Structures are given as C-alpha cells and as structure tokens.
Amino acid sequence: MTSFVTTDQGARWAPRAVLFDLDGTLADTAPDLGGAVNRMRVRRGLPPLPLEQLRPVASAGARGMLAVGLGVSPAQADYEALRDEFLAEYESALDVDSVLFDGAAAVLQALTHAGIAWGVVTNKAMRFTGPVLEGLGLAATASVVIGGDTTPHSKPHPAPLLEACRRLQIEPGQALYVGDDLRDMEAARAAGMPAVAAAYGYLGETPDLTAWRADAVIAHLLQLLPLIGVELPSDDRGA
C-alpha cells in the first residue's frame, strides 16, 4: 500500500545500494530541457512556453518536450528530424540551469558516510547523462551509472536496474530504487527491489501516485534516510 513517509516511521530496509532516477528525482533538469524546445519554438517564430507548462513532461525527454512544445508525436513523418534537432539543442546547453533537488547532496553524503553505495539508473542516453552528472558534480562519486542505452531495454524493463546490481555485485533485493515516474516503480518491481516514489518530481503521464503501487512515497529526498536507518552526518544536522 502506497503511503507517505512520516517522521516517526522506523527503518524499513537495510540496502547495500540505493539507485536513483536522474531527471525529476536527483536533479531538476527541466530548465535545460525546456530551454532546448523553447529555442526551437523561437526559431519558428513562436513564443517560448513557461517552464511550468513543460516541467511535468520533462521525464519523458525529447518525446515529452516535443509533444508539449511543438505538438508533434512519434507517429508524425517529421518526428525523427525534430527529435534530432531537439537533442542537438539540448546537448549544446545541458548543464546551464540544471540543479540538484533540495536535500540531494546531503542524502548522497549520508549514504557514502554509512557505507551504502549509490548510483544512477536513467532512461537518458549516456551521451547526455555523463555531462549532466559532471555538471552536477556527481560523476566521480557515483558507484554506478546506467543510461537508457546501456542495456538493450530501458525502463520500465528491469534490465537497467539488474545491470546496475550486476556491476555492484549485489542481488537486486539488496538495492532500493527511487524514481518519479510510474515506469520507475514498474522497473523496480520487475527487478525485485523496493520502489520509492519521489512525489516532489515530475510524475510523468500518470501523476496519480495511488496507481503506482510504490512501497513508499517521499515528499522530500531527506525522507529517504529514515526508511533505511541512515542519519545525516553531524555537520549537516540542524544547518
């Protein structure tokens, strides 16, 4: 049963690794994704759209941005050309305004301090994932990074999560996955690991969290720590 974390709940899991989705879970990348499609709009004589209109589809990447920004779908003949244009625009400025969500840096530090590995499993292609993580200062500290093109299948298929566990040399049940989209929960369940929904994220095309069947729902990244019995390092408390 899906329920929000409350401060009086004790630890529910003792994972050896915590895996995170990237866009909408660890980082707010919507400003740079939105910037790419807005530059395409301006090039066509259209006004830029407000970020609030684009943010909900940010986790769908090019498909979501092109649908809202230009009203095109993969079924249209010019979709591939527009997708290539969008990806080129995004790649040219993908770490300008993207930032970690509040609490992300502290959570990752706490996991490292507790001896728990952490990594990123995203549907974003590695050509974008690597530079984004570099820009956020996370590339050197992640124990594993799996992109949307690392395995033959992307989420909601469990293959990316299973590959992350293989590289970490742990069983899937020894990991936990945090994501902000229904496909993240589906991938985690299929892989055999607990699934935690990030209610603060983009939420994708199915924003009704009751339909996600998550094992827990967090409204802030710091709420993850009590679920796994981890405390903030002393220098981060009460700051």
Notebook entry, point to check: Inside region 196-239, can you point out the residues that are at pLDDT 95 or above, touching a helix residue (DSSP H, G or I) at 6+ places or on another chain (Cβ under 8 Å), within 21 Å of D28 (Cβ to Cβ) and of a type in the set (A, V, I, L, M)?
Noted result: V196, A197, A198, A199, A214, V217, I218, L221, L222, L224, L225
Margin query: Any residue at all in region 72-80 that's part of a helix (DSSP H, G or I) and either assigned by TED's automatic domain parsing to the domain that holds G130 or under 21 Å from the mean Cα position of the chain (by Cα) (or both)?
Written below: no
Notebook entry, point to check: Got at least one residue in region 64-79 being within 21 Å of G135 (Cα to Cα) and among the hydroxyl-bearing types (S, T, Y)?
Noted result: no
Notebook entry, point to check: Just checking, how many residues over region 38-63 are under 18 Å from L22 (Cα atoms), without any contact (Cβ under 8 Å) to a residue 60 or more places away in the chain and crowded, with 20+ Cβ neighbours inside 10 Å?
Noted result: 2
Next item on the list: Go through (1) in a helix (DSSP H, G or I); (2) under 15 Å from V18 (Cβ atoms); (3) in contact with a helix residue (DSSP H, G or I) (Cβ under 9 Å, 6 or more places away or on another chain) one by one and return the number of the condition R167 breaks.
Entry: (3)
Checklist line | Candidates I146, I116, filtered to the one that is under 13 Å from the mean Cα position of the chain (by Cα) and either at positive phi or in the same structural domain as D180 (by TED's automatic domain parsing) (or both) | finding: I146
Notebook entry, point to check: Can you tell which of A195, A190 is buried (at least 19 other Cβ atoms within 10 Å of the Cβ) and either under 19 Å from G115 (Cβ atoms) or of a type in the set (G, A, S) (or both)?
Noted result: A195
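The values are calculated or read from the model by the stated rules, or taken from the named source; none is laboratory data. Everything quoted here is computed from the prediction, not taken from an experiment. All Cβ positions, glycine included, derive from the backbone under ideal geometry; neighbour counts span all protein chains shown.
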